[in-house]
Amino acid sequence: MSPAPADPTVLHPMPDQPRVVLLKPLVKSPLIDIGEYSYYDDPDEPTAFETRNVLHHYGPERLVIGKLCALGTGVRFIMNGANHRMDGPSTFPFPIMGGSWAEHFDLITGLPGRGDTVVGNDVWFGHGTMVMPGVRIGHGAIIASGSVVVDDVPDYGIVGGNPAKLIRARYDESDVARLLAVAWWDWPTEHLTRHMRTIMSGSVETLEKAAPDAL
């Protein structure tokens, strides 16, 4: 085992697998904030995540993804720029076509939105999932492959389907509260490294005992 923890600034953490990229060193947009070690896996163009997987992102809404999230191939975030007017006879965005139509650009600015799209820490996205604007996904959640997430997802919830519905909770309410309190994803990297086996395969109790403030 290497004596040093994994480097969160390396674009390709698996040199022989260029399809896997860490997103924090990749993304440049000031409207996207991604935590350390969150990665995207795509056999085609993983380094194009910012343009291929975050769509209609013109601001001011932000996309926030926490630490240590796993994003399967084809995960897409639809941002509020995809919104169209629905209060008149037509939903077509005429002004973006240019010409004299552009004089009416005010008709498509300032459309109602749900604010930032926020993903917690340690969230696993299955292949081909889609997240709609303004959704908030809790820590430790799992999003099943092919899901379309239109509503908020609770901490440690497993959701699936179109629209995605809660399948089950990974832990009961009391254990979820204990996991949120221990917040292992915020541990110093060296401490996290020492207790990786507990984080990956231990119980809530052993995780609590391993916490830095428990020593």
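The values are calculated or read from the model by the stated rules, or taken from the named source; none is laboratory data. As the structure is a prediction and not an experimental result, all values here were calculated from the model. Virtual Cβ from ideal backbone geometry, glycine too; neighbours counted across all protein chains shown. Calculation scope for accessible area: heavy atoms of the full protein, side chains included, ligands and nucleic acids excluded. Shrake-Rupley method; radii C 1.70, N 1.55, O 1.52, S 1.80 Å.
Rounded to the nearest whole Hz, the Karplus-based 3J(HN,Hα) values (6.51 cos²θ - 1.76 cosθ + 1.60, θ = phi - 60°) of the stretch 59-66 follow the sequence x, x, 4, 10, 9, 10, 10, x, with x at glycine and proline. Note on residue 189 and residue 150: with the Förster distance fixed at 45 Å, the Cβ-Cβ geometry gives a FRET efficiency of about 0.80. Comparing 39, 58, 156 in a Gaussian network model of the chain (Cα springs below 10 Å), the most mobile by mean-square fluctuation is 58. Only helical runs count toward this figure. For the chain, summing -39,500 (n - 2.57) over DSSP H runs of n ≥ 4 and dividing by all residues gives -3500 deg cm²/dmol at 222 nm.
Over 17 Å apart: what share of the alpha carbon pairs of the stretch 1-121 falls there, rounded to a whole percent?
Working: 4558 of 7260 pairs.
Counting pairs separated by more than 17 Å, the tail of P(r) holds 63 percent.
At the residue level, residue 87 shows approximately 120 square angstrom of accessible surface with a 1.4 angstrom probe and all protein chains present.
Using a Gaussian network model of the chain in which every pair of alpha carbons under 10 angstrom is joined by a spring, one finds that among 74, 99, 35 the greatest mean-square fluctuation is at 99.
The listed residues 50, 173, once ranked by accessible area (1.4 Å probe) with the largest placed first, stand as 173, 50.
Taking a ≥ b ≥ c as the square roots of the eigenvalues of the Cα gyration tensor, an a/c ratio of 1.5 or more together with a/b no larger than b/c marks the stretch 1-50 as oblate. Please find, in a Gaussian network model of the chain (springs between Cα atoms separated by less than 10 Å), the residue of 178, 170, 197 whose mean-square fluctuation is greatest. Its mean-square fluctuation being the largest, the pick is 197.
By accessible area of protein heavy atoms, probe 1.4 Å, what ranking do 123, 150 get, highest first?
Largest accessible area first, the residues go 150, 123.
The simple Förster model, with R0 at 25 Å and r as the Cβ-Cβ distance, assigns residue 197 and residue 7 a FRET efficiency of 0.75. Largest accessible area first, the listed residues 41, 7 line up as 7, 41 when surface is computed with a 1.4 Å probe on the assembled protein chains. In this label model, residue 127 and residue 90 are separated by 4.1 nm, measuring between points 7 Å along each Cα→Cβ vector.
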